[in-house]
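See structure below.
Each reported figure results from applying straightforward, stated rules to the coordinates on display, with no laboratory input. Every value quoted in this text rests on a predicted model; they were computed, and no experiment measured them. Note that each Cβ is placed from the backbone with ideal geometry, even for glycine, and that neighbours are counted across all protein chains shown.
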Amino acid sequence: MQTEVMFAGFGGQGILLSAKILAHAALEQGLDVAWVPSYGPEMRGGTAYCMVVMSDLPIGSPVIRNPLHLVAMNLPSLEKFAPTVKPGGVILVNSSLIPHGSGRGDVRELLVPVNEIAIKLGSVKSANIVALSAFVSRSKVVDYDTLIRCIQEEFAQKKDLISLNLKAAEEGRKLTYLCSL
């Protein structure tokens with residue numbers, strides 16, 4: 001079965017890193033994976049989005065017009081990509097920066113104040129890990145324990161960031177039980 005996840009936001013929010021960690025977790029679980037980033041020339045502040053395609057069969061094309069899931073970290077991304085999500089998918093909305101949901105009744109929506117949580121943990125830079133963990137906990141596209149191992153591996157060279165990002169992941173996981181769809 002094939003699953004597609006679009007991560008979208010502005011440069012500097014860790015969009016590509018979130019997608020990379022999810023792709024790594026899917027690979028660890030033996031799935032075929034395509035990771036397709038897209039971003040403007042700006043290092044920070046420009047539009048960034050990334051598609052992760054995971055399948056237990058060979059992937060025919062990594063180009064997907066209608067993903068099953070969306071992680072929207074800012075309003076322009078929600079407005080642009082929410083209409084393209086397949087019915088029945090999950091849309092995670094960063095409610096710290098987005099004042100409303102997608103307005104769709106045919107998807108499972110998760111409103112998570114990821115920036116606020118990350119700031120309480122000590123760094124807004126961990127907001128992407130809060131969002132990733134909340135999304136994975138709700139959608140179950142990969143096993144949560146596999147995701148945690150991949151987060152640890154991703155930050156292995158920056159040991160001072162491992163603890164922060166593991167706390168961010170745990171907070172994201174907890175929120176899936178508290179936030180309504």
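Please figure out what share of the DSSP beta bridges in the chain is antiparallel and state it in percent, rounded to the nearest 5.
Beta bridges within the chain, antiparallel portion: roughly 60 percent.
Taking amide H positions as placed 1.01 Å from N in the peptide plane, with prolines and chain starts having none, which residues 5 or more places from SER95, or on another chain, fall under 5 Å of its amide H?
Sorted by chain and number, the residues that satisfy this are VAL112, VAL114.
As a test of the formula, what do you get for the chain when each DSSP H run with n ≥ 4 contributes -39,500 (n - 2.57) and the sum is divided by the residue count, at 222 nm and rounded to the nearest 500 deg cm²/dmol?
-12500 deg cm²/dmol
Per the Kirkwood definition applied to all pairs of different Cα atoms, how many angstroms is the hydrodynamic radius of the chain?
About 15.9 Å, per the Kirkwood formula over Cα pairs.
Multiplying the sequence separation of GLN29 and ASP160 by 0.36 nm and subtracting their Cα-Cα distance, what value in nm do you get?
Using 0.36 nm per residue and subtracting the Cα-Cα distance, I get 44.5 nm.
Sorted from largest down, give the three principal axis spans of the alpha carbons of the stretch 100-181, whole angstrom values.
Computed over the Cα atoms, the extents are 42, 26, 17 Å.
In whole Hz, what ³J(HN,Hα) sequence does the stretch 171-176 give by Karplus (6.51, -1.76, 1.60; θ = phi - 60°), x for Gly and Pro?
Karplus-based 3J(HN,Hα) across the stretch 171-176 equals 5, x, 5, 4, 5, 5 Hz.
Arrange the following residues from fewest to most other Cβ atoms within 10 Å of their Cβ: PHE135, PHE155.
Least to most surrounded, the residues fall as PHE155, PHE135.
If we count every other residue with Cβ under 10 angstrom of GLU4's Cβ, Lys/Arg +1 and Asp/Glu -1, where does the sum land?
Cβ neighbours under 10 Å give a net charge of +2.
Quote the relative contact order of the chain in percent (integer), defining contacts as alpha-carbon pairs under 8 Å separated by 6+ residues.
Averaging sequence separation for qualifying contacts and normalising by length gives 21 percent for the chain.
Out of residues 5 or more away from GLY89 or on other chains, whose amide H comes under 5 Å of its own, with H placed 1.01 Å from N in the peptide plane?
For GLY89, the qualifying residues are ARG108.
Using the crude model of +1 on Lys and Arg Cβ and -1 on Asp and Glu Cβ, and no other charge, please compute the dipole size for the stretch 1-113 relative to its Cα centre, in debye to 20.
220 debye
Tell me, what HN-Hα J-couplings in whole Hz come from the Karplus equation 6.51 cos²θ - 1.76 cosθ + 1.60 at θ = phi - 60° for each residue of the stretch 84-98, using x for Gly and Pro?
Couplings: 8, 6, 5, x, x, x, 10, 10, 8, 10, 6, 5, 5, 10, 10 Hz.
Taking only C-alpha pairs under 8 Å that are 6+ residues apart, what is the relative contact order of the stretch 1-95 in percent?
Worked out over the stretch 1-95, it gives 34 percent.
Multiplying the sequence separation of ASN66 and LYS120 by 0.36 nm and subtracting their Cα-Cα distance, what value in nm do you get?
Value of the extension gain: 16.0 nm.
Set Lys and Arg Cβ to +1 and Asp and Glu Cβ to -1, take the dipole of the chain about its Cα centre, and tell me which of LEU97, GLY11, LEU68 lies farthest positive.
The residue sitting farthest along the positive end of the dipole is LEU97.
Between the stretch 136-164 and the stretch 113-133, how many Å separate their Cα centres?
For the stretch 136-164 versus the stretch 113-133, the Cα centre distance is 14 Å.
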